[in-house]
Amino acid sequence: MKGKFYEQQLILENNRVKLVPFEEAYKDQLKQIIYDEDLYFSVECKNDEDLKKYIDDSVSQRRLDNSYPFLVIDKRTNKIAGSTRYGHIQFDNKRLEIGWTWYGKHFRGTGLNMACKYELLKYAFEVMNFRRVQFSADIENTRSQNAIKKLGATQEGIFRANYIDSSGVSRDDVYFSIIYTEWNEIKKSVFKEFI
C-alpha cells in the first residue's frame with residue numbers, strides 16, 4: 001500500500017477546489033503568491049533561491065515516501081492558491097497528518113481552505129480507511145489554530161519543543177485531531193455544503 005500510494009497521481013476536487021500533486025511545472029504560478037511575510041509559519045520564501053529549495057524539497061518528500069504534497073487550485077480563478085500535504089503517514093496505525101498548508105493572501109478567508117480540507121479528510125477516512133487525522137499549528141499561529149477548529153477538530157494538547165524553526169529556535173505546537181467515529185457527523189454538520 002505504502003509505495004503505491006506515493007506513486008499514484010492523486011487528484012482531489014469538488015466544485016470549489018482542485019488538489020493536484022506538487023510539481024515543479026507550477027513554479028511561475030507559485031512565484032506570484034509565495035513571497036509573503038505572513039507565510040512565516042508555513043514556508044519561508046524570500047527569493048528565487050528559497051523558492052527553488054522549497055519546490056525541490058516538496059517534490060523529493062514524495063519521491064522518498066515521506067509525505068504527499070499537493071498544490072491547491074482555486075477553481076473560481078483557475079490559479080494556484082497555495083499548497084497542503086499529507087504527512088507523518090502511518091499505514092499500519094491508519095493515521096496521518098494534514099498540514100504544511102499555506103495560501104496566497106488573496107485566497108485566504110475565501111472558503112477555499114474548507115473545500116480543500118473536506119477533500120483531504122474524505123479521502124483519508126473514506127478511501128484510505130484511516131482512523132485518525134491530526135493537525136498541528138505553532139503555538140503562536142492563532143490564525144491556523146482557528147482554521148483547524150473550524151474543521152470540527154478536537155484540540156488535544158501542546159507538544160513542547162516539537163520542532164526547530166529556520167532560526168534554530170525550538171517551537172511548541174498545538175495538536176488537534178478528528179477520528180473516524182466522528183467523521184460522518186462532522187461531514188454532515190461542518191462540510192454539508194460539499195456533500
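The values are calculated or read from the model by the stated rules, or taken from the named source; none is laboratory data. Please read these numbers as outputs of a predicted model, since none were measured by experiment. Cβ atoms come from the backbone with ideal geometry, glycine included; neighbour counts cover every protein chain shown. Please note that ligands, DNA and RNA were not included when accessible areas were found on the heavy atoms of the full protein model with its side chains. Shrake-Rupley method; radii C 1.70, N 1.55, O 1.52, S 1.80 Å.
Residues in region 21-42 include none that are assigned to a strand (DSSP E or B) and open to solvent by 80 Å² or more (accessible area, probe 1.4 Å). When residues in region 11-20 are screened for being surrounded by 18 or more Cβ atoms within 10 Å (Cβ to Cβ) and in a loop (DSSP other than H, G, I, E, B), 1 of them pass. Within region 90-116, residues that are of a type in the set (D, E, K, R) reach partners that are in a loop (DSSP other than H, G, I, E, B) and surrounded by fewer than 22 Cβ atoms within 10 Å (Cβ to Cβ) with beta carbons closer than 9 Å, at six or more positions or on different chains, in the pairs Lys94/Met128; Lys94/Asn129; Lys94/Arg131; Arg95/Arg131; Lys105/Asp36. Going by the structure shown, is Phe107 in contact with an Asp or Glu (Cβ under 7 Å, 6 or more places away or on another chain) and under 18 Å from Leu39 (Cα atoms)? Yes. Determine, yes or no, whether Tyr175 is in a strand (DSSP E or B), more than 22 Å from Ile80 (Cα to Cα), at pLDDT below 95 and among the hydroxyl-bearing types (Ser, Thr, Tyr). Criteria not met by Tyr175. Checking the structure you have, find out if any residue of region 165-172 is at pLDDT 95 or above, under 18 Å from the mean Cα position of the chain (by Cα) and surrounded by 13 or more Cβ atoms within 10 Å (Cβ to Cβ). The answer is no, given that none of the residues of region 165-172 is at pLDDT 95 or above, under 18 Å from the mean Cα position of the chain (by Cα) and surrounded by 13 or more Cβ atoms within 10 Å (Cβ to Cβ).
Inspection of region 98-117 finds a residue satisfying the criterion of being closer than 30 Å to Val169 by Cα and aliphatic (A, V, I, L, M).
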